[in-house]
């Protein structure tokens, strides 16, 4: 937390509203262009390009010491299937920042990774004890519910890559100041899949619905909001089965048998990582797809681990959260093409999936907000100033343009018409039919649809639940 | 329609006879896998009087070794094409062969652990808390060794599971059921039978049981208890490794995979009676079956079912269903 006191003193005359207005514009630095993946994506010095921050301020004001940041993600085991994607995304973002000279061109960034599977709260506290300048992660919703209150106590900015449980900023931390999330909530991706199900299968063909979701807060939350969204779109339907297997279970037979027995028209799943692979392998063996269409929010997180046999036998409509590597066509979108090529050079990355951009995006959100604050303040900002700069902050990644939600008050979005639940990212979302890609020997998506943030996020003044319930009126 | 947004309590899915047969088969295959793991744990506990917390890592090691073995052999079969029944036979043979080889690889590991850490380390004479600390330490060491050899990411083999399931054997009797699970049930039953035969009908088995019943007397009549102890630990490792290799084709091998089976194995041996092989078999099948039957009534009970059975058994028969090892297997 270098230079915090000085910069806070210098900014004493800038109130929050003025700062927010000021950080909305500004010119691009090499770091920002690098993070966006393309120098032509943003202008080369003009105001108002939306990715702000000149990185202004002298070396003595901004400092030259490296910035130390820590990230929680799963680095091993079944959850590592997606956790390592997040890690690699974050590493590429840091590499690009440092390649451009560091934050404001003068402060290199040191990224430390801690395994989220091993006492994540202790690891987080250790980051804080070590004086990390920012923290990132966690991935798990359950861990996020534990850590977010700690973040508020520690008063050090945290931008999680996922941890998408809807109630986090509605109930767990209803008035967040330092806790942010690059991804939107479970609600966003569940709404995408509800829309996809109705569009692709047809409302008249969905009378019965089942769900097989992870047995913890994320899975329960996803199933809850999916049903709410589907009810808003369809009206009546029967829920014939809801199973919640434990994380890392090796045997999904029980749940597959129950789904086959009920033979629903539609099955919803938010299984992810290794669990998604296990489920799909075993579902194919039990012919689950003969009578039931499956829609899933995050099964595509296992794109590198699914076998050809399984992908070709399973019929899954899969969500891709905020990023799909070939949408828009990467031949036509250089930032996406560069990211895709760079990612494939990294260890353990076959194709970058939505979690890859989550790792990349949470670092980018922080780095671009810091540079914008430096631009306004002329020195390195305090944690409070970085947090305020992040609220309503817009920034580019190779996945497109993102906006970080503004502050929420009393569980509802209030500021500046962001339309986003407080402190969560707002991005375009994607979904398509899962198919096998011969070129990359990995699962891919076909016939991909994209959804703008306003189609999948609640408007200002409403929580996600209120918004979905309003569909029925 | 009324939607319940708390934990799921959906309409009862009782279904017809066919679905109950499927649920029972699910329970049997889960039970036999659990028995393979719990049997090793219970014989080590019954004879060596050691609660081996590292037992789950032997299970994981079996899965990882099987990954390597499969990797070497799968290429010989996958591209061959040809008669589907012949392919099924080849894949089953591959699965069993890999499981046997993997278990065999785990055996010297188990024997070495017993000889070095328990016998030479003098852990048998120490308080039980030392055993727990030691075996927990071994758990961590083995976990790190697996990570060092195979890396931090989970690994899986493609082709074996789908290859075996390509011939739907159960459809001969009108069932939609994976052939692989049937293989697990058959293999589990054969292994259980062989294990009981070994302890009841063979000289070595009887010596082991005699040692379990009265260690001093066995020593007095010339039994080399050191060898027996090493043999028992190696036997436990064999079955844990075998179980790990058997589950690999349908899931992944990951660093944390040993934890849940270890906990469930504790539940099984408490239900069956600490150290009782027969108790382990009955307990494992009971847990597998009740878990699968109960989920039909309410999916939310899936996790709680094994512990509920254990609680009931402890209330009714605190020593477990079959008491302790030795007098009866």
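The values are calculated or read from the model by the stated rules, or taken from the named source; none is laboratory data. As the structure is a computational prediction, the values presented were derived from the model and not from experiment. Glycine gets a Cβ as well: all are built from the backbone with ideal geometry, and neighbour counts include every protein chain shown.
For the criterion of being in a helix (DSSP H, G or I), under 17 Å from the mean Cα position of the chain (by Cα) and not assigned by TED's automatic domain parsing to the domain that holds residue A:193, residue A:343 fails.
What is the residue count in the stretch B:319-329 for residues that are surrounded by fewer than 20 Cβ atoms within 10 Å (Cβ to Cβ) and either within 14 Å of chain A (Cβ to nearest Cβ) or at pLDDT 85 or above (or both)? Can you show your working first?
Of the residues in the stretch B:319-329, the ones surrounded by fewer than 20 Cβ atoms within 10 Å (Cβ to Cβ) are B:319, B:321, B:323-324, B:326-328.
Checking the rest, the ones that are also either within 14 Å of chain A (Cβ to nearest Cβ) or at pLDDT 85 or above (or both) come to B:319, B:321.
Number satisfying all stated conditions: 2.
Comparison of A:158, A:68 shows that the only residue that is over 23 Å from residue B:153 (Cα atoms), touching a residue at least 12 places away in the same chain (Cβ under 8 Å) and under 15 Å from the mean Cα position of the chain (by Cα) is A:158. Checking B:81, B:56, B:71, B:46 one by one, the residue that is at pLDDT below 75 and either more than 9 Å from chain A (Cβ to nearest Cβ) or in contact with a strand residue (DSSP E or B) (Cβ under 6 Å, 6 or more places away or on another chain) (or both) is B:81 and no other.
Let's see how each residue does on (1) touching a strand residue (DSSP E or B) at 6+ places or on another chain (Cβ under 7 Å); (2) outside the structural domain of residue A:283 (by TED's automatic domain parsing):
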| site | (1), (2) |
| --- | --- |
| A:142 | no, yes |
| A:150 | no, yes |
| A:157 | yes, yes |
| A:209 | yes, no |
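Screening residue B:164 on (1) surrounded by 18 or more Cβ atoms within 10 Å (Cβ to Cβ); (2) more than 14 Å from chain A (Cβ to nearest Cβ) shows it passes everything except condition (2).
Apart from one condition, residue A:277 fits all of (1) assigned to a helix (DSSP H, G or I); (2) within 9 Å of another protein chain (Cβ to nearest Cβ); (3) over 23 Å from residue B:252 (Cα atoms); the exception is (3). Among the residues of the stretch A:51-89, those that are within 14 Å of chain B (Cβ to nearest Cβ) and either under 15 Å from residue A:364 (Cβ atoms) or at pLDDT 90 or above (or both) comprise A:73, A:74, A:75, A:83, A:84, A:85, A:86, A:87, A:88. Checked against the criterion of being more than 30 Å from residue B:178 (Cβ to Cβ), buried (at least 21 other Cβ atoms within 10 Å of the Cβ) and at pLDDT below 95, the candidates A:278, A:322 yield just one match: A:322.
Of the helices (runs of 4 or more DSSP H) entirely within the stretch B:247-318, those holding at least 2 residues that are more than 14 Å from chain A (Cβ to nearest Cβ), over 16 Å from the mean Cα position of the chain (by Cα) and more than 15 Å from residue B:26 (Cβ to Cβ) occupy B:305-316.
Return the total of residues in the stretch B:183-209 being assigned to a loop (DSSP other than H, G, I, E, B) and within 14 Å of chain A (Cβ to nearest Cβ).
Residues that pass the stated criteria total 0.
Criterion first (within 10 Å of chain A (Cβ to nearest Cβ) and either surrounded by 14 or more Cβ atoms within 10 Å (Cβ to Cβ) or in contact (Cβ under 8 Å) with a residue 24 or more places away in the chain (or both)) does residue B:180 satisfy it? Yes: the conditions hold for residue B:180. Against the conditions (1) surrounded by 24 or more Cβ atoms within 10 Å (Cβ to Cβ); (2) farther than 17 Å from residue A:191 by Cβ; (3) at pLDDT 95 or above, residue A:268 satisfies every one except (2). Looking at the stretch A:209-240, which of its residues are outside any strand (DSSP E or B) and within 30 Å of residue B:30 (Cα to Cα)? Residues satisfying the conditions are A:213, A:214, A:215, A:216, A:217, A:218, A:219, A:220, A:221, A:222, A:223, A:224. Residues being assigned to a helix (DSSP H, G or I), in contact (Cβ under 8 Å) with a residue 24 or more places away in the chain and over 20 Å from the mean Cα position of the chain (by Cα) are entirely absent from the stretch B:234-244.
Residues in the stretch A:241-272 that are within 7 Å of chain B (Cβ to nearest Cβ), touching a helix residue (DSSP H, G or I) at 6+ places or on another chain (Cβ under 9 Å) and outside any loop (DSSP other than H, G, I, E, B): A:241, A:242, A:243, A:253, A:254, A:257, A:258, A:260, A:261.
Somewhere in the stretch A:285-297, is a residue assigned to a loop (DSSP other than H, G, I, E, B), within 14 Å of chain B (Cβ to nearest Cβ), on the phi > 0 side of the Ramachandran plot and modelled with pLDDT of 90 or more? Yes - at least one qualifying residue is present in the stretch A:285-297. One residue stands out in the stretch A:223-240 among those that are more than 7 Å from chain B (Cβ to nearest Cβ) and over 27 Å from the mean Cα position of the chain (by Cα): the one that is nearest to residue A:204 (Cα to Cα), namely A:234.
Residues in the stretch B:117-132: is at least one away from chain A (no Cβ under 14 Å), under 25 Å from residue A:305 (Cβ atoms) and at pLDDT 90 or above? Within the stretch B:117-132, not a single residue is away from chain A (no Cβ under 14 Å), under 25 Å from residue A:305 (Cβ atoms) and at pLDDT 90 or above.
Residues that are under 22 Å from residue B:160 (Cβ atoms) and part of a loop (DSSP other than H, G, I, E, B) were ranked within the stretch A:298-340; the one that is nearest to the chain's Cα centre (by Cα) is A:303.
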